[in-house]
1. Which order do the peptides 316-329, 363-376, 412-425, 663-676 take when ranked by the mean count of other beta-carbon atoms within 10 Å per residue, highest first?
2. Among all the lysines, which ones have a C-alpha under 19 Å from Lys470's C-alpha, if same-chain residues fewer than 8 places away are not counted?
3. For the chain, give the share of DSSP beta bridges that are antiparallel, in percent and rounded to the nearest 5; count only bridges with both residues there.
4. Need the full-extension length gain, Gln594 to Gln699, defined as separation in residues times 0.36 nm minus the C-alpha distance. One decimal, nm.
5. Leaving out same-chain residues fewer than 8 places away, which lysines sit with a Cα under 24 Å from that of Lys12?
6. Enumerate the amide H contacts of Ser584 below 5 Å, restricted to partners 5 or more residues apart or on another chain; note that Pro and chain-start residues carry no placed amide H.
7. In the chain, with Lys and Arg counted as +1 and Asp and Glu as -1 at Cβ, which of these residues, Pro390, Phe679, Thr496, has the Cα nearest the positive end of the dipole, that is, farthest along it?
8. What translational diffusion coefficient, to the nearest whole µm²/s, does segment 284-344 have by Stokes-Einstein, given a Kirkwood radius computed over alpha-carbon pairs, a temperature of 37 °C and 0.692 mPa s viscosity?
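Every number in this text was worked out from the coordinates using simple rules, so none of it is lab data. Just so it is clear, the model here is predicted, and its values are computed rather than measured. Cβ placement follows ideal geometry from the backbone for every residue including glycine, while neighbour counts extend to all protein chains displayed.
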Amino acid sequence: MNDDRLRDLLEKMTLEEKVGQMVQISGEFLEKGSVLTGPMLEKGFTNEAICLAGSVIGIQNAATMRRIQKNYMERHPHEIPALFMMDVINGYRTVFPIPLAQGCAFEPDLSEKCSSAAAREAASSGIHVTFAPMADLVRDARWGRVMESPGEDPYLNSLYCRAMVRGFQGEDIKYSGKIAACVKHFAAYGAPVAGRDYNTVELSENTLREFYIPAYDSGIKAGAEMVMAAFNTVNRIPSTGNKWLLKDLLRKELGFDGVLISDWAAIEELIAHGYCNGRKEAAEKAFGAGIDIDMMSGIYSEHLSDLVRSETINEKEIDKAVYRILRLKNRLGLFEHPYKDAGEEEEKKYFLCQKHRKLALEAAEKSCVLLKNEGEFPLKIGRKTAFIGPYVNTNKLTGSWSFTGDKKEIVSIKEILSEYPEYTENITCMQGSPMIEFDMELKGFDEEEKEKISGDEIEKMLDDAEEVAKEAQSVVMFLGEHFLQSGEAASRAYITIPSVQKRLFDRVYNVNKNISVVLFSGRPLDIMDISRKANAILLAWLPGTEGARAIMNILTGTAAPEGKLSMSFPWSVGQIPIFYNSDSTGRPYDNHIQQDRFRSRYLDIPNEPLYPFGYGLTYTSFSISEVVLDRTRISRGEKICASVLVKNTGRRTGIETIQMYIRDLVASVVRPVKELKAFKKITILPGEEKTVCFDIGEQELSFYKSDGRYGCEEGKFRVYIGTDSRTDNFKEFILE
Ligand code: GLC
């Protein structure tokens, strides 16, 4: 439909029909069995509101979507097609590693392919819009939703957000297999005080702009069709009703002109925030801030028309919002093809197809991070080995946003062993303990996730595991958080593995010191004790459909680990929030030199994380030369080239991610001690050497200055080049 016809359609619509386009309802109202991702409180939707609602959330199969769309359009006065939206975060039926794990691959292009595959599968189920990528920068592992983010670095997050938008949307969302992306949660949802989900966010505007906005901006510049406002406050005003945030910053400054949707019932939550007196005021403030679509609060359908009739809201503003929504439907081609790619044949063709499974395997292999290895990995053929832990025989290897994946289609470690016959005869598998004990709080989740095992049964499991461990030459333990201990509404104060699994680890360690660990988690964990005692630790995160095969490929050496942490692993939860790009402070503490006690430090733990951002081992070793600069002074507009010589000093071909960090030593606002500005993944044969070069210009040196403007300032800089954020390999240069 051309734009003129779209505007003609808008002209013909009544006020109620226009407001209807601004209302999103759960598929639950139209079809039992849709996915509920928020509280389904009594919403008071009238039957008319349901018939006019412009979009639907939570429908996850083609047949249902086609039935709903057909009925919806037959009842609609102008036969306007509905938009079908869903959280397609890290895959659809083929599930990829959680985004935090994908960030560890340091390969945004790979995630673009994963997002494209996810779009292909989701589109075949009739989904038009995904509520992804989640672009929230994260620094606090107590927050359960760190699993949805690419990590703690604004540059890396920006690359991933752009890649995922491109993957979902492709060149044109009208094309087959493409869906609209929704960058979320605007803004700074990843910075809740104390890591407690939905809590207040307290940031300076400079920190907001420098660290949290870049990834959203990157997704918007990549053409994201939608943005979702966050639940949290910014500058003590809830994002959903925050005019400065949504109109001045998002629309005017960042230039976003797509559809702005609230988060689930967030408009209603303006009341609980103490920002609005009641539903009517919430409608007025949310609309006044620029929210186009009300997700599941019912408030827009209840009050917007009256607010227009009472001339509190100008109908022309309603027309602008409705035009953006109709334009999105038109860009998707829904007026001509209301079912777009939805079809059971398409689902059969694309779900878990070999191409997608292959991609899932590659992504899972590349997102695993080898944290420690004193020679245990790869496993030795013929060595009597025990595989012990609740992650040995579970197929729940996906994150909490992977409800569209069918766990029956995922094999466990134990099941995949048959593909490694040369190892199988010497490996004994033993669960050893439940994933979590029944008293663990997983409020609101399916009861079946809490295994009902008595204390005596647990003791028996631990005893049996101890016996198996005694007989083994070495033990590999498969341990980690329950997959529902991370994700939305899953903040944790103690970020350890479940206590029953720690009992299992200790019992095994008491009888066999040759322990390695494969760790599953949706967040960085406090693994201090495990890290001291285990000879090797492979972090698998929540690796998705091909997770078991990826892990076994790495454990047997078929694949080599190459992942680098996209988020710091704390030494202790007491350090949190902890992140590499922190400020020096006026009393920096350097534990390598003798200093007075009046320094920025703890009495009882180090400042450094246990494993830092950018860190990860592989099955070979590398040496890196000093940094070489082609010049030591540059003027504006010029570039400097910084290079290193990298040598593979091991016996295996290896992949290393060479990282380049900048430090601005003196500026009009304090600058971080390091900032990642570029990285290159290189493959080097044993004994081979390669030169890796990075160009540095104004772009790499710019920041939000004390006058609020973005740019660089003359002065002295350091350029660091290394294999993780701890590198002290630097040279200095001057910007004149
Ligand atoms: C949830 C999440 C948001 C998600 C939305 C729809 O509350 O905050 O990320 O997209 O509801 O499921």
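1. 363-376, 316-329, 663-676, 412-425
2. Within the straight-line cut-off, Lys470 pairs with Lys380, Lys384, Lys460, Lys502, Lys513, Lys533.
3. DSSP beta bridges in the chain are roughly 55 percent antiparallel.
4. Extending this stretch completely gives an extra 34.1 nm.
5. Within reach: Lys70, Lys316, Lys320, Lys329.
6. Val673
7. Among Pro390, Phe679, Thr496, the one farthest towards the positive end of the dipole of the chain is Phe679.
8. D = 248 µm²/s.
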